[in-house]
Amino acid sequence: MRGFNFKMTAFGKILCAGALSLALAGALAAAQPAAHPIPRLVQKDGRYALLVDNAPFLILGAQSNNSSAWSFTLPEVWRAIDELHANTLETPIYWEQFEPQPGHFDYSVLDDIVKQARQHHVHLVFLWFGTWKNGSQHYMPVWMKLHPQRYTHAVDADGRPVDSPSPFCKASLDADIHAFTALMRHLRQTDPQRTVIMVQVENETGLYGPALRDHSAEAQKLFNSAVPADVLNAMGKTDVSPGATWRQAFGDLADVDFGAWSIARYVQQVAAAGKAAYPLPLYVNAALRDPTKPEFPVTYESGGPTDNVIPIWKAIAPAIDLIAPDIYFSDSKRYLKVLDLYGRPGNALFVPETIGFGDAARFAFSVIGHGAIGYSPFGLDYTRAPFRLPGAASGSRPDFLFPTAQNYRLLEPMMRVIARLNFEGKVQAVAELRGQPKQTLDFGPWHVIVSYGAFRNRVAKGNRQPIGRALVAQLGPNEFLVTGLYSRVDFESADPSRHRQYLAVEQGSYRKGIFHFERILNGDQTDWGLNFGSEPLVLHVSVATY
Ligand code: DGJ
């Protein structure tokens, strides 16, 4: 019966901790009379939580392909979302569809998506494809595209228009504010269920190519004027004399910093207007620069919220709740570096786009281990044009969903528990690093050893592909929630004179945030550590020393 007793003890603690954070969330929500309070981002001791229905929520999402948010293609999106066990769909609202004529808004597609999301029991993050989409203005309505002299492009140093909008164009800004406000107002009016939990303002703002920034007359005038004091402060330029121009203050990086300032200023006005209509959490996403390379020469999308200009964006765009990295690196060095750079003090970490297939899917655990409020790979739906060479065996369409589905089948049933424990600073989660078969997690008196490719008592060699992942959360002084895939987890006392013993290793599963005991593991299942394979396995573990 010891297992049963332990289960009650551990469970009691979960309830207790849960009650505490619910009380905290409740206090924060006291001003919200609605049955479903507006989702919001909260911060405590430098950690963040996205509160949905008043409790921390972990976005385990998928972002649709760019042209999938149409009633015609939605069935192919939902099929993937259901197979993935995702709890959130990120999908665009296209300005060109939303405002086909100036001032005439078409809510039909938006309403369809919201209705269908409710039927599929998932939340939504809408992506406002407004003035910027991947640095261009391709989603502006036709009535804007036909009048480039009114809705102007950025121009290069020779005055030639480039494939990017001007952040100094007042007509575009006013139109974007008008449309985005209509979108947010409509959500406030039609979504008391809070199906939509967050909105992305624009998409990967910035400018690709050698122009680096807008050189229009207005831009040039400001570029050759004094840098605003808030920008100097944000960038720690305390040694710059007052009145210094952008070039004088920032040298080679003046174009990038000026671009960031000008775009952040524009986005701030769009976001602030939308937020005034409906204060949902808002974020911007970044097309990253390679964080292992120097900032100059500039080989990245310039002016967007790349890591080197985050302070400018933070200072100039306070209506934006967080700045999110779109991570398309597949190596752990750059991936983990980006998590450090964006999970910085003052910025909640959220990965709204990343690679969700192959061994890169293991980084979902690194993202959670960095305290993120959510993770959402890009392009996980069935709308892609099938590509199969004549005569080849039937394609592997479902395979691209499998690694993320594995993550979500395991994590989604306990996502509220993980989100709460992460907000309390009790979670550590890691992904396997190529050529490194062992990692150690420090839980004070306990060292948790995660190893990969281990078999019985043989030395761990690493998996053939780096696909291992593990998550450990502290439930009590000597009690832990342990889970993972393709890994082994074991405990060592930090005191080398003491040996660890397992008191109970309970296997169970979470349903609605509650751990349901199934059996106790012992013998071969625990003698060399706790082993995780390809199927969901969740353990509550109690350890002691002798
Ligand atoms: C980043 C963009 O934000 C997405 O909309 C999409 O275009 C992806 N790149 C990949 O194609």
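Summary of computed values
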quantity	calculated
Qualifying residue in the range 189-196 (condition: at pLDDT 95 or above, more than 30 Å from Pro279 (Cα to Cα) and buried (at least 20 other Cβ atoms within 10 Å of the Cβ))	no
Scan of the range 193-241 for residues that are within 28 Å of the chain's Cα centre (by Cα) and under 21 Å from Pro297 (Cβ atoms), ordered by number	Glu204, Thr205, Gly206, Leu207, Tyr208, Gly209, Leu212, Arg213, Met235
Neighbours by Cβ (under 9 Å, 6+ apart or cross-chain): first from the range 79-99, over 13 Å from Arg409 (Cβ atoms); second among the charged types (D, E, K, R) and assigned to a strand (DSSP E or B)	Glu90/Glu353; Pro92/Lys133; Tyr94/Lys133; Trp95/Lys133
Any hit, the range 360-368, residues being at pLDDT 95 or above and surrounded by fewer than 19 Cβ atoms within 10 Å (Cβ to Cβ)	no
The one condition in (1) away from the ligand (no atom under 16 Å from the Cβ); (2) within 14 Å of Ala49 (Cα to Cα) that Asp340 fails to fulfil	(2)
Near pairs, Cβ below 9 angstrom, 6+ apart or cross-chain, from the range 191-219 (basic (Lys, Arg)) to any residue that is in a loop (DSSP other than H, G, I, E, B) and more than 16 Å from the ligand (Cβ to nearest atom)	Arg194/Ala34; Arg194/His36; Arg194/Pro37; Arg194/Ile38; Arg194/Pro39; Arg194/Asp53; Arg194/Leu280; Arg213/Pro167
Any chance Lys133 is under 26 Å from Pro352 (Cα atoms), within 16 Å of the ligand (Cβ to nearest atom), basic (Lys, Arg) and modelled with pLDDT of 95 or more	yes
Number of positions in the range 152-188 that are exposed (fewer than 15 other Cβ atoms within 10 Å of the Cβ) and aromatic (Phe, Trp, Tyr)	0
Helices (runs of 4 or more DSSP H) (entirely within the range 55-150) containing at least 3 residues that are touching a His at 6+ places or on another chain (Cβ under 9 Å)	74-84, 108-119
The range 265-290: number of residues that are part of a loop (DSSP other than H, G, I, E, B) and away from the ligand (no atom under 16 Å from the Cβ)	4
Selection from the range 513-532 of residues that are at positive phi and either in contact (Cβ under 8 Å) with a residue 60 or more places away in the chain or touching a Gly at 6+ places or on another chain (Cβ under 8 Å) (or both)	Gly513, Gly529
Filtered residue count, the range 209-264, keeping only those that are in a helix (DSSP H, G or I) and more than 24 Å from Trp132 (Cβ to Cβ)	8
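The values are calculated or read from the model by the stated rules, or taken from the named source; none is laboratory data. Here the structure is a predicted model, which is why all the values come from computation and not from measurement. FYI the Cβ positions are ideal-geometry reconstructions off the backbone, even for glycines, and counts take in every protein chain you see.
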